[in-house]
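Worksheet: the structure to be examined is printed underneath.
The values are calculated or read from the model by the stated rules, or taken from the named source; none is laboratory data. Because the structure is a prediction, the values reported are computed rather than measured. No Cβ is skipped: glycine too gets one built from the backbone with ideal geometry, and neighbour counts run over all protein chains shown.
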Amino acid sequence: MSELGLNMEVEPPNRPNPKKGRGALVLAVLVFFGVIAFIGVLLVRQFLLGGGEDYSGAGNGEVIIEVQDGQTLSEIGTTLKENGVVASADSFIDVAARNEQAQTIGPGYYRLAERMSAQAALDAMLDPANQVIIRAVIPEGLRMQQVVRRLSKASNIPEARFEAAIKDASKLGLPKWAKKGNAEGFLFPATYEFAPTASARDMIQAMLTRYNEAAESLDFVARAKRTGYSPYEVMVIASLVQAEGHPDDYGKVSRVIYNRLAAGMPLQLDATVNYALKKTDINLSPEEIATSSPYNTYQNTGLPPTPINQPGEAAIEAALEPDKGDWIYFVSVNPDTGETKFTADYDEFLEFKAEFEEYVAKNP
């Protein structure tokens with residue numbers, strides 16, 4: 001018998017390779033967990049974003065959405081989804097990506113509906129009519145109660161809540177030097193836009209803050225002291241200028257007030273008597289002029305005890321820097337045009353007064 005090949009070591013052709021088997025097992029495990037992870041991502045995406053689903057139509061009901069400063073379109077989409085406005089954040093992001101105006105959506109509150117299509121939601125947010133704000137226009141010269149009425153009408157918040165906030169004005173930004181916490185004169189005239197969630201206290205605080213900003217820009221306190229009067233007294237003068245003068249004449253009216261105060265003369269201003277009477281007449285009767293009140297500047301010398309309205313920045317500036325002149329009289333000879341004449345001569349003053357009386361006779 002031949003011994004050929006008896007000592008040769010030949011590996012059987014189907015014997016498994018242990019290293020190759022371990023690699024296949026690892027690969028199978030990785031694939032398994034990868035599939036699980038992918039399914040997890042899909043489930044999370046479906047839960048949070050809705051997976052690109054979309055509603056149809058304009059929706060129903062009403063939902064107020066807040067877009068915060070700095071939010072991205074993706075974040076806005078998520079907010080809409082979470083509040084039931086759109087079916088998914090992706091659907092909103094898709095339509096927003098195709099509309100350049102979507103980038104103009106700014107912070108604020110928007111009136112939308114439930115179950116809107118993403119396109120309808122975007123269109124609604126781009127329509128200024130759907131922005132929810134409380135807009136209150138407060139012109140110069142309003143008395144505090146008139147301001148309260150305007151704020152209440154704009155916000156549908158009862159006047160009593162504003163009155164309560166005003167009583168607490170010292171905690172809301174009223175200057176410490178304001179007399180006895182009286183906010184008259186400090187509810188700064190401007191156009192305000194408030195969030196729909198704003199309270200009466202928020203609104204009063206915003207107006208006081210706006211006053212403080214104006215006062216700081218004018219360097220009000222330091223300049224007021226240079227007039228020889230306290231900051232509060234200068235605010236009283238500013239309110240008188242606001243009530244009595246045409247904007248073109250604020251500086252002259254301010255000078256008349258300072259000149260009369262310096263001479264110890266009563267100011268004799270109808271506006272202060274009107275304030276006491278809660279009226280706005282341009283021609284007071286002798287009985288009204290005889291009204292007993294600390295605001296009656298016909299009967300009392302010096303300034304009234306508080307401002308009589310909310311003066312604007314131009315009137316405040318005039319109170320700080322009156323025009324130069326010796327005038328101690330002025331008469332608005334034509335209230336329609338605001339024409340006002342100034343003089344230091346009493347006889348000329350009587351002539352101006354006659355012009356005014358002629359105007360009144362022609363315009364009963």
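Numerical summary
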{"quantity": "Any hit, the range 320-339, residues being in a helix (DSSP H, G or I) and either free of Cβ contacts under 8 Å to residues at least 40 places away in the same chain or outside the structural domain of residue 235 (by TED's automatic domain parsing) (or both)", "calculated": "no"}
{"quantity": "Members of the range 168-180 that are touching a residue at least 12 places away in the same chain (Cβ under 8 Å) and loosely packed, with under 14 Cβ neighbours inside 10 Å", "calculated": "177"}
{"quantity": "Residues satisfying the stated conditions in the range 147-161, i.e. surrounded by 15 or more Cβ atoms within 10 Å (Cβ to Cβ) and of a type outside the set (Lys, Arg)", "calculated": "147, 148, 151, 152, 154, 155, 157"}
{"quantity": "Hey, residue 136 aliphatic (A, V, I, L, M) and without any contact (Cβ under 8 Å) to a residue 60 or more places away in the chain or not", "calculated": "no"}
{"quantity": "Wholly within the range 212-268, helices (runs of 4 or more DSSP H) carrying at least 3 residues that are touching a residue at least 60 places away in the same chain (Cβ under 8 Å) and over 30 Å from the mean Cα position of the chain (by Cα)", "calculated": "250-263"}
{"quantity": "Members of the range 174-198 that are within 12 Å of the chain's Cα centre (by Cα), closer than 18 Å to residue 144 by Cβ and assigned to a loop (DSSP other than H, G, I, E, B)", "calculated": "188, 189"}
{"quantity": "Of all residues in the range 83-111 being in a helix (DSSP H, G or I) and closer than 19 Å to residue 60 by Cα, the one that is farthest from the chain's Cα centre (by Cα)", "calculated": "91"}
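Conditions (1) surrounded by 15 or more Cβ atoms within 10 Å (Cβ to Cβ); (2) farther than 24 Å from residue 144 by Cβ, marked per residue:
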residue: 295; (1), (2): yes, no
residue: 313; (1), (2): yes, no
residue: 339; (1), (2): yes, yes
residue: 364; (1), (2): no, yes
